[in-house]
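A short worksheet on the structure shown next.
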């Protein structure tokens, strides 16, 4: 069975033309799983046959194992393909990973991995992330915040978005949803700080940690067995991709809490996608400069209506405090006035999410 991580790459290829002509391509089997037409000519997943093919060659590789041993094997695999291909395209299916570097530092990540290659090497990288530091080889963003089925589902008129109450008709006392999910140190801090802050009276907060019974699961979503990255039955949709109208209908704004926080890279997942497509303002705890990276993708943020100075605060605990204060400041304002003032931003972000020509760099090499 294909692992959950493997399936995230799907959105990067969902816009391919059905009548494309293909040059020689080596494609990882798990990558191939997501290509709509598996019978295209000149495509290989047998490396010996690929070596024997003539003409220009492209390799498309995807990382699966995230531990130290798996990372080293992946590095060797890329090097092997660099020697036999004109160009190698590497998709970081899961960009939020750490491995131990040569110096013994256990917190090396995507950008460190890229910098093991030289500036003129015939390899480029793709991820649902933005690098916050210089890299020897390009790291291009691919829009895979949602898997393809969820992405397409939210375009339908009868999707879960249709279950959302118009903000003008709400009049609810709570302002923020804070959904923290599985256990993490920064989530513990967020949960504890909000609970002792006056903001607590304005939030719908769930932190189920390792016990899904402590979460909130209406009839619109599915309760996970262990974590929300589980798929829904046999469908390629994660539980975490489902907007729960019962939560959104009793709040106005969202706290986006990413699992991965690193000074070198900003990751974007379904946690961003859901408030974007539901047109909800949000604050975010993730990497320093996450909102600046978000803006670099063509989205708009909510400053000055929301104080976003927290985005550049290096100290995690202070950044959490600043986020909570921004939430509290906004909760003192009439949400109807806030939402009306932000309506152009919210509409832009949803339109940009669905209508932007994402993945141009990836498709350039795919269509070569």
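Rule-based calculations on the coordinates, nothing more; no lab input. These figures come from a predicted structure and were not determined experimentally. With ideal geometry, Cβ positions are generated from the backbone for all residues, glycine too; neighbour counts draw on all protein chains shown.
Report the Stokes-Einstein translational diffusion coefficient (µm² s⁻¹, integer) for the stretch 23-171, Rh taken as the Kirkwood radius over Cα pairs, at 20 °C with viscosity 1.002 mPa s. Roughly 121 µm²/s, to the nearest whole number. Once the chain from residue 82 to residue 352 is taken as fully extended at 0.36 nm per residue, the excess over their C-alpha distance is 93.7 nm. Centroid-to-centroid, using Cα positions, the stretch 142-193 and the stretch 312-351 are 15 Å apart. If you wrap the Cα atoms of the stretch 150-224 in a convex hull and average its projected area over all directions, you get 6.7 nm². Compared with the alpha-carbon gap, the fully stretched path from residue 361 to residue 316 is longer by 12.8 nm at 0.36 nm per residue. May I ask what percent, to the nearest 5, of DSSP beta bridges between residues of the stretch 84-191 are antiparallel? Close to 10 percent. Averaging Cα coordinates gives a centre for the stretch 225-264 and one for the stretch 55-131; these two points are 28 Å apart. Where only DSSP H runs of four or more residues are counted, the chain gives -8500 deg cm²/dmol as its mean residue ellipticity at 222 nm, each run worth -39500 (n - 2.57). For the chain, averaging the sequence separation of C-alpha pairs within contact (under 8 Å, six or more residues apart) and dividing by the residue count gives a relative contact order of 15 percent. The relative contact order of the stretch 31-169, computed from alpha carbon pairs under 8 Å that lie at least 6 residues apart in sequence, is 16 percent. For the stretch 148-355, give me the percentage of DSSP beta bridges that are antiparallel, rounded to the nearest 5 percent. Of the beta bridges lying entirely in the stretch 148-355, close to 15 percent run antiparallel.
Here residue 105 and residue 158 are evaluated by their C-beta separation; at R0 = 51 Å the FRET efficiency comes out at 0.55. Modelled this way, with points 7 Å down the Cα-to-C-beta line, the labels at residue 192 and residue 75 are 3.6 nm from one another.
Length gained on full extension, residue 122 to residue 218, computed as 0.36 nm times the residue gap minus the Cα-Cα distance: 29.7 nm. Remark: spin-label model distance residue 227-residue 297 equals 2.0 nm, labels positioned 7 Å along the Cα→Cβ axis. Spin-label model, residue 334 to residue 200: label points 7 Å out along the Cα-to-beta-carbon direction sit 3.0 nm apart. Of all DSSP-defined beta bridges confined to the chain, some 15% are antiparallel rather than parallel. Here the relative contact order of the stretch 148-355, from alpha carbon pairs under 8 Å that lie six or more residues apart, stands at 21 percent.
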